[in-house]
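One structure is given below, encoded as structure tokens.
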């Protein structure tokens, strides 16, 4: 019997997919050469710390541009994948890409969020205690939320920003990206501190440091 492998960036949708698919054996964080910077890749340390908190081993792999599908399928086979898990909701191109990867790797694809209402998913997240830090945003109003922590207490403010931009509440079109700093799966909350920001034409990105040791975190004012 093979492993249950979840594609994981550290964001809320990936974590929700993991929660709905437990047990999960391995998390897989893939580094692509995108034409624009990725908030998740720039903050990969936070994702690794999140994986440590939820207690699932994580593999981080850099892919060569133009060879991403074959290299990912090869890596999945080396991980003895049996079930491939992802957190797509409605973007057809993403689903087709994951279907092709699973087929090439000889795995079954599981997409537990597919077809769900994105607002309902976000509200369920915060109602269950998900706390997310916004690492990056594309649209104008949502850029104001970069560096903020979103929870049940302020989700209405965040949704107002998304509505002003006509953005999907879950950011399914890439309007914003998060790292989950606390959830029912976390054994301890992440200590994440912003250390800089990049204001680019494409997006606003926060650069962070994530600390494990409480004494170090206190010194850094995390």
Kindly establish whether residue 132 is surrounded by fewer than 20 Cβ atoms within 10 Å (Cβ to Cβ) and in contact (Cβ under 8 Å) with a residue 24 or more places away in the chain. no
Of those in region 27-47 that are under 11 Å from the mean Cα position of the chain (by Cα) and in a helix (DSSP H, G or I), the residue nearest to residue 82 (Cα to Cα) is 47
Answer with yes or no whether residue 104 is surrounded by fewer than 16 Cβ atoms within 10 Å (Cβ to Cβ), assigned to a helix (DSSP H, G or I) and without any contact (Cβ under 8 Å) to a residue 12 or more places away in the chain. no
Filtered residue count, region 22-55, keeping only those that are within 21 Å of residue 125 (Cβ to Cβ), touching a strand residue (DSSP E or B) at 6+ places or on another chain (Cβ under 8 Å) and crowded, with 19+ Cβ neighbours inside 10 Å: 11
Only one of 18, 59, 24, 83 is under 30 Å from residue 191 (Cβ atoms), touching a residue at least 60 places away in the same chain (Cβ under 8 Å), outside the structural domain of residue 181 (by TED's automatic domain parsing) and not in a loop (DSSP other than H, G, I, E, B); which? 18
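The values are calculated or read from the model by the stated rules, or taken from the named source; none is laboratory data. Model, not experiment: these values are computed from the prediction. Virtual Cβ from ideal backbone geometry, glycine too; neighbours counted across all protein chains shown.
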